[in-house]
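Read the structure below first, then the notes.
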Ligand code: PDD
């Protein structure tokens, strides 16, 4: 059955959903996006995603295609039309179609696209096994706080990880881990403290990162926001990543070295459980 895809005010069968070749998202990667998980027919932490989208738009001086309330209403309609109870909702705003010019064309009208992906997000077998990651230099631009569609370098890194038999890559800059290719990176110290890099332009300000941090602190689990090295991560008790699609996902090896026992640890298992329990209320 064909999905229903939203493009600029209309709902189309996916094969009829089209965007101009002059769209700046296509020509310049001049666009921003959000990925939201859906469980039990509900978007998780959607208000936070919409607020981050607004921030990305503001940072790029890009007009919003509609208000955040209107966007929320379209999201809800998309879940309904696609009968999506579990999976992902993808949302993208680009600066729109205009004659090719590096400068921002004042006449361009922003484009809004949404599509759904039905898949199991809560019961994920990878969470039982954990991820193996390799480390690679972080060669992305320095505004990683803006969630742009410039995803070629992360794609290249995921390809390199796959070629080396790993699941994903963690990115390294000045000897410290910034984040994963499509997730935030965390370690668990021997004393149970969680460590993840502090917010700056070096990383995406993850919505899941923020929620996990809150849930941890509410349970008297300490969280330190600071950079950490590959060696510290390899010597940590446990490691994990967070993202809207993976939630809390254990990392069991880094560059072939087991983290802790090399199996999924109790802290990360517990954090995933907490997130899954609390996510429905976000
Ligand atoms: N990726 N860091 C990067 C580089 C990301 O691309 C993502 C999300 C995150 C986690 O952010 P959040 O918790 O808000 O999802 C961190 C999404 C899921 C993607 O591109 O598919």
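The values are calculated or read from the model by the stated rules, or taken from the named source; none is laboratory data. Quick caveat, the model's predicted, so the values are computed rather than measured. Neighbour counts run over all protein chains shown; Cβ positions are idealised from the backbone, glycine included.
Brief remarks on what is shown
- Considering residues of the stretch 180-199 that are assigned to a loop (DSSP other than H, G, I, E, B) and within 13 Å of the ligand (Cβ to nearest atom) only, the residue surrounded by the most Cβ atoms within 10 Å (Cβ to Cβ): 183
- Taking the stretch 106-119 as the range and being touching a residue at least 24 places away in the same chain (Cβ under 8 Å) and over 24 Å from residue 80 (Cα atoms) as the test, the residues that pass are 108, 109, 110.
- For residue 262, the test of being away from the ligand (no atom under 16 Å from the Cβ), at positive phi and touching a helix residue (DSSP H, G or I) at 6+ places or on another chain (Cβ under 9 Å) is failed.
- Residue match in the stretch 161-169 (condition: in contact (Cβ under 8 Å) with a residue 40 or more places away in the chain, crowded, with 18+ Cβ neighbours inside 10 Å and in a strand (DSSP E or B)): yes
- Test set (1) surrounded by 15 or more Cβ atoms within 10 Å (Cβ to Cβ); (2) free of Cβ contacts under 8 Å to residues at least 60 places away in the same chain; (3) within 15 Å of the ligand (Cβ to nearest atom); (4) not in a loop (DSSP other than H, G, I, E, B) - residue 156 fails condition number: (1)
- Test: residue in the stretch 226-238 that is modelled with pLDDT of 95 or more, in contact with a helix residue (DSSP H, G or I) (Cβ under 8 Å, 6 or more places away or on another chain) and surrounded by 14 or more Cβ atoms within 10 Å (Cβ to Cβ): yes
- Per the listing 27, 53, the residue uniquely in contact with a strand residue (DSSP E or B) (Cβ under 8 Å, 6 or more places away or on another chain), within 16 Å of residue 92 (Cβ to Cβ) and assigned to a helix (DSSP H, G or I) is 53.
- Residues in the stretch 200-234 that are closer than 25 Å to residue 154 by Cβ, out of contact with any strand residue (DSSP E or B) (no Cβ under 7 Å at 6 or more places or on another chain) and within 15 Å of the ligand (Cβ to nearest atom): 200, 201, 205, 207, 210, 211.
- Scan of the stretch 27-46 for residues that are touching a helix residue (DSSP H, G or I) at 6+ places or on another chain (Cβ under 7 Å), within 11 Å of the ligand (Cβ to nearest atom) and closer than 14 Å to residue 78 by Cβ, ordered by number: 34, 36
- Residue within the stretch 58-66 that is out of contact with any helix residue (DSSP H, G or I) (no Cβ under 7 Å at 6 or more places or on another chain), farther than 24 Å from residue 120 by Cβ and assigned to a helix (DSSP H, G or I) present: yes
- Close contacts from the stretch 201-221, counting a first residue that is in contact (Cβ under 8 Å) with a residue 40 or more places away in the chain and a second that is near the ligand (Cβ under 6 Å from one of its atoms) and assigned to a loop (DSSP other than H, G, I, E, B), with Cβ to Cβ under 7 Å and a gap of 6+ residues or different chains, come to 207/244; 208/244.
- Scanning the stretch 263-282 for residues that are modelled with pLDDT of 95 or more, in a loop (DSSP other than H, G, I, E, B) and buried (at least 16 other Cβ atoms within 10 Å of the Cβ) yields a count of 2.
- Put simply, of 135, 122 the only residue that is assigned to a loop (DSSP other than H, G, I, E, B) and touching a residue at least 60 places away in the same chain (Cβ under 8 Å) is 122.
- Selection count where residues are in contact with a helix residue (DSSP H, G or I) (Cβ under 6 Å, 6 or more places away or on another chain) and away from the ligand (no atom under 16 Å from the Cβ), scope the stretch 163-179: 0
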